[in-house]
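The values are calculated or read from the model by the stated rules, or taken from the named source; none is laboratory data. Because the structure is predicted, anything quoted here is derived from the model rather than measured. Backbone-built Cβ (ideal geometry, glycine too); neighbour counts: all protein chains shown. Remember, those area values only see protein heavy atoms, side chains included, never the ligands or the DNA or RNA. Shrake-Rupley method; radii C 1.70, N 1.55, O 1.52, S 1.80 Å.
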Amino acid sequence: MQGVLAAFRELDAAVHAVEELKQKRVGDVTVYTPTPRHEFEDALGSPSSAVRRFTLVGGLLGVTFGYWIAIWTSEYWPLVVGGKAIASWIPYTIIGFEVMVLVGALSTVFGMFYLARVPRLTMTVGYDPRFSHGDYGVFVATTPDKFQAAEELLRRHGAAEVRGER
Amino acid sequence: MATLARPVGGAGDPHRRPNIASADVQLPAVRDYEQVDNEIVATMRPTGGWFAGLGLAVVCMLIGASAWVYQIYWGLGQAGYEPPLMWGVYIITFVFWVGIGHAGTLISAILYLFRAGFRTTIYRVSEAMTVFAVMTAGLFPIIHIGRPWKFFWLIPYPNWRLIWPNFKSPLVWDVFAISTYLTISTTFLYIGLIPDIAVLRDRETNPVRKRIFSILSLGWRNSDREWRHFARAYLFLAAFSTPLVLSVHSVVSFDFAMGLTPGWHASIFPPYFVAGAIFSGFAMVWTISIPMRRWFGLKHYITLNHLDATAKVVLFTSLVVGSAYLIEFFIAWYSGVPAEIEYFYNRVFGQWWWSAWILLICNMVFPLSLFSQQLRRNTTWLFILSIIINIGMWYERFVIVVPSLTHEFEPWQWGGYLPSWVDMCFLVGSFGWFFMWFLLFTKQLPVFALAEIKEIIPPKLKGTHKHDDHIDVTGKHQAFEPDTPGEFA
């Protein structure tokens, strides 16, 4: 992937740069920010995360398994006490609930990793260590013929440093 | 120490301190992201005091470990049990540590959902405390079963004996609740740590440590894509953790409430246990964070406003558990069951009267001091109170376990209990185990959430704000209170 990377000291400058990059359709924009900011979400217009689907599926699988394991094992080896029900849903709700939380939460984490493409083995192009520290990074993926226009745009908005990445 | 009766003056009173709503608690003395990284990462350098503390914790842990070896060799009889009392310090301490863990999840998950501003700086400490407290608690049922190498029999797995655990047993519920709680708390802690480990990775110059941080941070780059999914996943983890934390101590309370033993068989137990757990957990947060803010020089991160807000939670939960204690007496009287009435009379005036009065005074009377704003902002008093509450809460579990089991239905079942030296070694060892992990954590990973603290710091803007005039992100002016009388010393 090739493009132009800019480091901004100020939030509003980075947001305005992203807005103009999106408006002029220079290329795919990636923003690096030390902490999540709604301003970037609004400027990028990203769709909402699909993590919730993993959560729902994991939770449903978990609760089903929790009830099933308790009911099946009770029927498999019945402990008949005073003619009471062999499989009793009230205590098994505890098992169902706990397994729902366990599988639902772990599948949420799996979903986050999958969608965010984590773990990542290399930093690839377009990252600078200062983006975890205090600066905001804007990387626009574009072809070399548009590098100059992109660099000018980013500098105009107050980028502290701009460089081409290949 | 300030007097209880000292009133807070009117609006014009120079001594009056603002009663800041917990959602508005900000960090006026923290100017920018660089300051956050520099100051918090600086706390990770080991000091002489830290080595001394770690050494003490390891010695205490080894005392407990030695007692365990001794008990395995000589048998569970060394634990001071004799009929009718077959539960003692192990179960008391198990419930105590599970309870300690609860405040961590309350702060990190429930207060996150409620958008309570005061959680931000203390949540990492609390979440780590939860993980280590549950790790400590989990040891005790294993110790208590006598043959710890067979604990896996409680886990449902296909085996050649074709035997499955009885899912109607509270012991099996405990296994599911505690193991789920430990797994989810650890996951929640680690997920929150990933962006902060990325900060450490990017700052680190030592190649070995840099490599370790690179692996632990999973290649985190702080991109908008990562943050978008991270924020949503974090929200769902908080949403799962919230009912989980309530369920775990409810399940622990079922260990008692499912029995017909006098004093145990009450439907009030789940809410009463949950409130008590939050109460004791917040006290432990004070025990840890008040010295830490002084030793690390981070009073401008855990400010008096933060402590004031936590003190209100402690006061509220104290009133809840206090009401529960009193309602228990009412229920016993109203039930008309002679064994219940006899038991509750015996609780305060009988064989174990002293333990019940320690509990009532520590948990109901001393916390009332928090109605005073001066005392809520007096860190010395909060630290002392945290110790008092922790003693009181350990005795709460003592009062639940010991007097009930030594005073059941028939007089021939009545007996006594004296914890053995093995019991006491396990108690000391549990504190050593807990603090050993916690102290190791403080020097390997940041105990303050870097990325979340940055969220509440005003971002640098182009020319409009200087942000050195204590304007917070909401545009309000907040005076920083750097030092006050009664500071922890």
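So which residues in region B:252-287 are surrounded by 24 or more Cβ atoms within 10 Å (Cβ to Cβ) and within 14 Å of chain A (Cβ to nearest Cβ)?
B:Val252, B:Ser253
Just for region A:23-41: of the residues that are within 11 Å of chain B (Cβ to nearest Cβ) and open to solvent by 50 Å² or more (accessible area, probe 1.4 Å), which one is farthest from B:Glu452 (Cα to Cα)? Break it down into steps so the answer makes sense when it comes.
So the first thing to find is which residues in region A:23-41 are within 11 Å of chain B (Cβ to nearest Cβ), and the list is A:28-41.
If we keep only those that are open to solvent by 50 Å² or more (accessible area, probe 1.4 Å) too, we end up with A:28, A:38-39, A:41.
Working: A:Asp28: 27, A:His38: 14, A:Glu39: 16, A:Glu41: 17 Å.
Residue satisfying both the conditions and the ranking: A:Asp28.
Working carefully through the options B:Thr187, B:Thr183, find the one that is in a helix (DSSP H, G or I), within 8 Å of chain A (Cβ to nearest Cβ), modelled with pLDDT of 90 or more and open to solvent by 30 Å² or more (accessible area, probe 1.4 Å). Show your work before the answer.
On the way: B:Thr187 fails: open to solvent by 30 Å² or more (accessible area, probe 1.4 Å).
Testing whether each residue is in a helix (DSSP H, G or I), within 8 Å of chain A (Cβ to nearest Cβ), modelled with pLDDT of 90 or more and open to solvent by 30 Å² or more (accessible area, probe 1.4 Å) leaves just B:Thr183.
For the condition out of contact with any helix residue (DSSP H, G or I) (no Cβ under 8 Å at 6 or more places or on another chain) and outside the structural domain of A:Leu11 (by TED's automatic domain parsing), what is the one hit in A:Trp77, A:Trp89?
Answer to the selection: A:Trp77.
Suppose we keep only residues that are free of Cβ contacts under 8 Å to residues at least 12 places away in the same chain and under 17 Å from B:Glu396 (Cβ atoms) within region B:349-371. Which one would you say is surrounded by the fewest Cβ atoms within 10 Å (Cβ to Cβ)? Can you show your working first?
Step one: list which residues in region B:349-371 are free of Cβ contacts under 8 Å to residues at least 12 places away in the same chain, which gives B:349, B:353-354, B:357, B:365.
Filter once more, so that each one left must be under 17 Å from B:Glu396 (Cβ atoms): B:353-354, B:357, B:365.
Working: B:Trp353: 13, B:Trp354: 10, B:Trp357: 15, B:Val365: 13.
If we take residues in region B:349-371 being free of Cβ contacts under 8 Å to residues at least 12 places away in the same chain and under 17 Å from B:Glu396 (Cβ atoms), then B:Trp354 is surrounded by the fewest Cβ atoms within 10 Å (Cβ to Cβ).
Against the condition aliphatic (A, V, I, L, M), under 25 Å from the mean Cα position of the chain (by Cα) and more than 30 Å from B:Val36 (Cβ to Cβ), how does A:Val80 come out, does it pass?
Working: aliphatic (A, V, I, L, M): yes; under 25 Å from the mean Cα position of the chain (by Cα): no; more than 30 Å from B:Val36 (Cβ to Cβ): yes.
Judged against the criteria, A:Val80 is not a match.
Restricting to region B:143-159, what's the tally of residues that are farther than 19 Å from A:Tyr76 by Cβ and surrounded by fewer than 18 Cβ atoms within 10 Å (Cβ to Cβ)? Don't jump to the end; show me each part of the working.
First pass over region B:143-159, keeping only residues farther than 19 Å from A:Tyr76 by Cβ: B:143-152.
Checking which are surrounded by fewer than 18 Cβ atoms within 10 Å (Cβ to Cβ) leaves us with B:145-152.
The total comes to 8.
How many residues are out of contact with any Gly (no Cβ under 9 Å at 6 or more places or on another chain) and part of a helix (DSSP H, G or I) when one looks only at region B:145-176? Steps first, answer last, please.
Keep residues of region B:145-176 that are out of contact with any Gly (no Cβ under 9 Å at 6 or more places or on another chain), which gives B:145, B:147-169, B:171-175.
Checking the rest, the ones that are also part of a helix (DSSP H, G or I) come to B:148-154, B:171-175.
Looking only at that region, the number is 12.
Collect the residues in region A:110-133 that are surrounded by fewer than 18 Cβ atoms within 10 Å (Cβ to Cβ), in a loop (DSSP other than H, G, I, E, B) and touching a residue at least 24 places away in the same chain (Cβ under 8 Å), keeping them in residue-number order.
Across region A:110-133, the qualifying residues are A:Thr124, A:Val125.
Looking for whichever is more than 30 Å from B:Trp173 (Cβ to Cβ), among the charged types (D, E, K, R) and not in a helix (DSSP H, G or I) here; the options are B:Arg209, B:Arg232, B:Arg221. Which one fits?
Working: B:Arg209 fails: not in a helix (DSSP H, G or I); B:Arg232 fails: not in a helix (DSSP H, G or I).
Among B:Arg209, B:Arg232, B:Arg221, only B:Arg221 is more than 30 Å from B:Trp173 (Cβ to Cβ), among the charged types (D, E, K, R) and not in a helix (DSSP H, G or I).
Just to be sure before I move on: is B:Arg124 surrounded by fewer than 19 Cβ atoms within 10 Å (Cβ to Cβ), at pLDDT below 95 and within 23 Å of B:Ser185 (Cα to Cα) in the structure I sent? Write out each step before concluding.
Numbers: surrounded by fewer than 19 Cβ atoms within 10 Å (Cβ to Cβ): no; at pLDDT below 95: yes; within 23 Å of B:Ser185 (Cα to Cα): yes.
No: the conditions fail for B:Arg124.
Among all residue pairs at least 6 apart or on different chains, which show Cβ distances below 6 Å where the first residue, located in region B:126-150, is in contact (Cβ under 8 Å) with a residue 12 or more places away in the chain and the second is among the β-branched types (Val, Ile, Thr) and buried (at least 21 other Cβ atoms within 10 Å of the Cβ)?
B:Ser126/B:Ile107; B:Ser126/B:Val285; B:Thr130/B:Thr105; B:Ala133/B:Ile100; B:Ala137/B:Val98; B:Gly138/B:Ile178; B:Phe140/B:Thr93
Quick one: B:Leu162 ticks every box in (1) open to solvent by 30 Å² or more (accessible area, probe 1.4 Å); (2) more than 14 Å from every other protein chain (Cβ to nearest Cβ); (3) at positive phi bar one, so which box is it?
All conditions are met except number (2).
Mind listing whichever residues of region A:70-98 are in a helix (DSSP H, G or I), within 9 Å of chain B (Cβ to nearest Cβ) and open to solvent by less than 100 Å² (accessible area, probe 1.4 Å)?
Passing the criteria: A:Ala70, A:Ile71, A:Trp72, A:Thr73, A:Ser74, A:Pro91, A:Tyr92, A:Ile94, A:Ile95, A:Phe97, A:Glu98.
Residues that are more than 14 Å from chain A (Cβ to nearest Cβ) and modelled with pLDDT of 90 or more: list the helices (runs of 4 or more DSSP H) wholly contained in region B:350-465 that include at least 2 such residues. Spell out how you get there, then give the answer.
On the way: elements: B:353-360, B:373-376, B:379-405, B:421-444, B:450-455.
Result: B:353-360, B:373-376, B:379-405, B:421-444.
Find all pairs meeting these conditions: Cβ atoms under 6 angstrom apart; at least six residues apart or on different chains; first residue within region B:217-245 and over 16 Å from A:Phe97 (Cβ atoms); second residue of a type in the set (Lys, Arg) and assigned to a helix (DSSP H, G or I).
Correct list of pairs: B:Ser217/B:Arg201.
Among the residues of region B:199-231, which ones are of a type in the set (D, E, K, R) and more than 9 Å from chain A (Cβ to nearest Cβ)? Give the steps one after another, and end with the answer.
Applying the first criterion (of a type in the set (D, E, K, R)) to region B:199-231 yields B:201-204, B:209-211, B:221, B:224-226, B:228.
B:Glu204, B:Arg209, B:Lys210, B:Arg211, listed by residue number.
Conditions: (1) of a type outside the set (A, V, I, L, M); (2) in a helix (DSSP H, G or I); (3) within 7 Å of another protein chain (Cβ to nearest Cβ). B:Ser241 meets all but one. Number of the miss?
Of the numbered conditions (1) of a type outside the set (A, V, I, L, M); (2) in a helix (DSSP H, G or I); (3) within 7 Å of another protein chain (Cβ to nearest Cβ), the odd one out for B:Ser241 is (3).
Kindly indicate which of B:Ile302, B:Ile268, B:Ile215 is out of contact with any His (no Cβ under 6 Å at 6 or more places or on another chain), hydrophobic (A, V, I, L, M, F, W, C) and within 30 Å of A:Ser49 (Cα to Cα).
Details: B:Ile302 fails: within 30 Å of A:Ser49 (Cα to Cα); B:Ile268 fails: within 30 Å of A:Ser49 (Cα to Cα).
Sole residue among the options that is out of contact with any His (no Cβ under 6 Å at 6 or more places or on another chain), hydrophobic (A, V, I, L, M, F, W, C) and within 30 Å of A:Ser49 (Cα to Cα): B:Ile215.
Kindly list the number of the only condition in (1) at pLDDT 85 or above; (2) more than 10 Å from chain B (Cβ to nearest Cβ) that fails for A:Val125.
Among (1) at pLDDT 85 or above; (2) more than 10 Å from chain B (Cβ to nearest Cβ), A:Val125 violates only (1).
Which residues, counting only those in region A:44-69, are more than 8 Å from every other protein chain (Cβ to nearest Cβ), open to solvent by 20 Å² or more (accessible area, probe 1.4 Å), part of a helix (DSSP H, G or I) and not hydroxyl-bearing (Ser, Thr, Tyr)?
Within region A:44-69, A:Arg53, A:Phe54, A:Leu56, A:Val57, A:Leu60, A:Leu61, A:Val63, A:Phe65, A:Trp68 meet the criteria.
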